[in-house]
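Everything on this sheet refers to the single structure shown next.
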Amino acid sequence: MNYCDLLKQRAARHPMKPFVIYGGEVITYRDFDMRCEQFAAGMKGLGGRVVFAYSDDFLFQLTAFIALQSVRATPILLHYPLPEERMEALARDIGASDLLTADNLKDLGILRNPPAHNACMGLLTSGTTGLSKHFFRTYASWADFFPVHNEIFRINTDSLMLLHGSLSFTGNLNAVLSLLYAGGALVTAKGFRPKRFERYIMDFGITHIYLVPAKLHVLADALQHVHPGVVQVLSGSQLLNPAAIRKLQNDNLPNAAIHLYYGSAELSFLSYAGAQEILGNPLRVGKPFPGVRIFAVGEDLHADTPYHVLGHPRPCPLPDRAYFDDEGHLILRGRRDDLQNLRGFMVSASNVERVLRAVPGVSDAAVFLENGSNGDAKLAAAVVSNLGEADIRIELSKKLYRLEIPGKILFRDSIPQNQAGKPDYTALRAEL
């Protein structure tokens with residue numbers, strides 16, 4: 001079983017039901033299935049091979065992902081843009097054999113290390129803290145969790161989800177496939193324009209919104225109308241700003257449940273928190289999903305879940321340091337691999353960023369390292385806020401040690417984002 005098989009089941013059951021609305025164009029389940037069949041017609045020789053699909057076009061990514069599975073190839077959606085040398089390094093590491101783009105199919109060499117026979121897809125991590133890593137997944141490693149996921153987030157055959165972003169990032173791909181599993185539909189467009197997205201909410205009757213926090217915060221600021229038909233807002237990969245939650249609840253989406261999830265490319269969904277839990281403590285990422293066990297040894301986090309990538313141990317260590325509060329909610333304290341020794345004190349930039357994002361009056365923030373004139377590393381921050389710098393520093397001093405408070409704070413109208421919808425730290429460093 002793979003996601004092409006699932007698409008054919010849904011197309012046979014509801015052929016005329018919309019599946020993808022892309023830039024206003026409505027594509028039914030039957031039409032999308034036919035599109036994938038036509039796409040796959042010239043790729044039958046790729047069975048058993050790992051194939052990179054490389055494009056910044058959402059519709060091309062989704063079509064290639066499913067069409068390649070129809071010929072029993074194993075697709076990996078590459079991040080876009082990706083330097084050619086990094087692409088070639090991935091090909092060597094994985095043993096990938098082909099590169100599929102909108103224009104050509106380029107041979108990259110001999111397949112040396114095929115994935116396990118039951119793998120239907122490959123994934124890349126976002127590479128936020130370094131070069132992305134690759135993993136392989138079976139169909140069941142996600143699909144077996146969809147009944148739990150969809151029940152909690154009220155995803156069903158009547159769901160129409162607004163989302164945006166590249167499918168090379170696992171959160172977006174997981175959201176689309178959970179809709180396919182439920183027989184729902186999705187709405188997206190190439191560019192992220194909040195006013196146009198609000199028009200989609202009204203014109204198409206959107207019931208669900210899935211956006212990473214940075215984009216959700218922008219949409220929350222831009223919404224002008226009340227949308228009672230939206231019943232669920234789902235976000236992940238960063239913390240949600242309490243001010244954005246309150247605006248959505250009070251002004252625009254009065255009937256929507258708002259959830260933040262925590263997970264990883266390797267282990268899928270691990271925990272989730274509702275709006276009230278987040279408002280009680282903005283650093284919370286919730287309690288474990290049913291069937292998932294999370295435990296901490298000191299500040300080292302481990303998870304035991306059946307929904308993991310191939311080859312991962314159970315239980316599996318996680319990259320984040322964390323602890324549980326008195327109510328059993330998981331509180332993250334930053335990634336282990338971003339700990340920096342600043343004048344003898346170990347500092348986590350990601351933890352400082354979480355605290356900064358939780359400051360009332362800060363709508364978005366990014367924290368990163370800069371090299372001082374004497375070669376010493378220092379923390380710097382970019383914020384979107386109507387507060388003054390002194391007020392922000394006072395709030396940070398309540399929860400951080402002195403050396404953890406950024407030396408420089410840049411005020412911006414928005415935080416630049418990478419293709420994953422996360423802060424573009426490289427662009428921010430260039431401003432210093």
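Residues whose amide H falls under 5 Å from that of LEU410, counting only those 5 or more places apart or on a different chain, are ALA381, ALA382, VAL383, with hydrogens built in the peptide plane. For GLN232, the residues 5 or more places off, or on other chains, whose built amide H falls under 5 Å of its own are ILE209, ALA257.
Relative to the longest principal axis of the Cα atoms of the chain, the long axis of helix 84-94 lies at roughly 70 degrees. Just how many % of Cα pairs in the range 192-336 lie over 27 Å apart, if you round to the nearest whole percent? Within the range 192-336, distances greater than 27 Å cover 29 percent of Cα pairs. Taking label points 7 Å from Cα along the Cα-to-Cβ direction, ARG246 and GLU151 give a separation of 3.5 nm.
Looking at the chain, the DSSP beta bridges with both ends there are about 60 percent antiparallel. Divide the volume of the convex hull around the Cα atoms of the chain by the residue count and you get 145 Å³ per residue. Summarising the strand pairing of the range 192-336, around 70 percent of its internal DSSP beta bridges are antiparallel. With a 10 Å cut-off between alpha carbons and a GNM built on the chain, which of PRO282, PRO147, PRO213 moves the most? Looking only at PRO282, PRO147, PRO213, the largest GNM fluctuation is found for PRO147. Computed from the C-beta positions of ARG412 and ASN118, the FRET efficiency with R₀ = 30 Å rounds to 0.05. Database remark: amide H of VAL50 closer than 5 angstrom to the amide H of THR74, SER97 (H placed geometrically; neighbours at sequence offset of 5 or more, or on other chains; Pro and chain starts carry no H). Listed by chain and number, the lysines placed with their C-alpha closer than 22 angstrom to that of LYS399 are LYS378, LYS408; residues fewer than eight positions away on the same chain are left out. Our summary gives the range 343-430 a relative contact order of 28 percent, counting only alpha carbon pairs under 8 angstrom and 6 or more residues apart.
Shape class for the range 343-430, computed from the alpha carbon gyration tensor (a ≥ b ≥ c): oblate, with a/c not under 1.5 and a/b at or below b/c. Across the range 266-280, rounded Karplus estimates of 3J(HN,Hα) from the backbone phi angles (6.51 cos²θ - 1.76 cosθ + 1.60, θ = phi - 60°) give 6, 10, 6, 6, 10, 8, 8, 9, x, 4, 5, 5, 5, 5, x Hz, Gly and Pro being marked x.
The label-point distance for LYS17 and ILE394, in a model that sets each label 7 Å from Cα toward Cβ, rounds to 5.5 nm. Only Cα pairs under 8 Å and 6+ residues apart enter the sum, and on that basis the relative contact order of the chain stands at 10 percent.
Scalar couplings 3J(HN,Hα) for the range 150-160, obtained by applying the Karplus form with A = 6.51, B = -1.76, C = 1.60 to θ = phi - 60°, are 5, 5, 5, 9, 6, 9, 8, 5, 8, 6, 10 Hz; x denotes Gly and Pro. Bridging of LYS195 to aspartates and glutamates at a Cα separation below 20 Å is possible for GLU25, ASP203, ASP221, ASP251, ASP364, ASP413, once same-chain residues fewer than 8 apart are set aside. Taken about its Cα centre, the chain carries a charge dipole of about 260 debye when Lys and Arg each add +1 at the Cβ and Asp and Glu each add -1 at the Cβ.
Here the sum of -39500 (n - 2.57) over DSSP H runs of 4 or more residues, divided by the residues of the chain, equals -8500 deg cm²/dmol at 222 nm, to the nearest 500.
For the residue pairs LYS17/LYS247; LYS190/LYS215; LYS17/LYS287, the C-alpha atoms sit more than 24 angstrom apart in LYS17/LYS247; LYS17/LYS287.
Relative contact order of the range 285-333: 36 percent, from C-alpha pairs under 8 Å at least 6 residues apart in sequence.
The 3J(HN,Hα) values that the Karplus relation (6.51, -1.76, 1.60; θ = phi - 60°) gives for the range 225-230 are, in residue order, 10, 8, 10, x, x, 6 Hz. Gly and Pro appear as x.
With neighbours defined as other Cβ atoms within 10 Å of a residue's Cβ, the residues GLU327, GLU370 order from fewest to most as GLU327, GLU370.
Values quoted throughout were computed directly from the atomic coordinates according to the rules given, and no laboratory measurement underlies them. Treat the numbers as computed from the prediction; the structure is a model and nothing was measured. For neighbour counting, all protein chains shown are included, and Cβ atoms are generated from backbone atoms with ideal geometry for every residue, glycine included.
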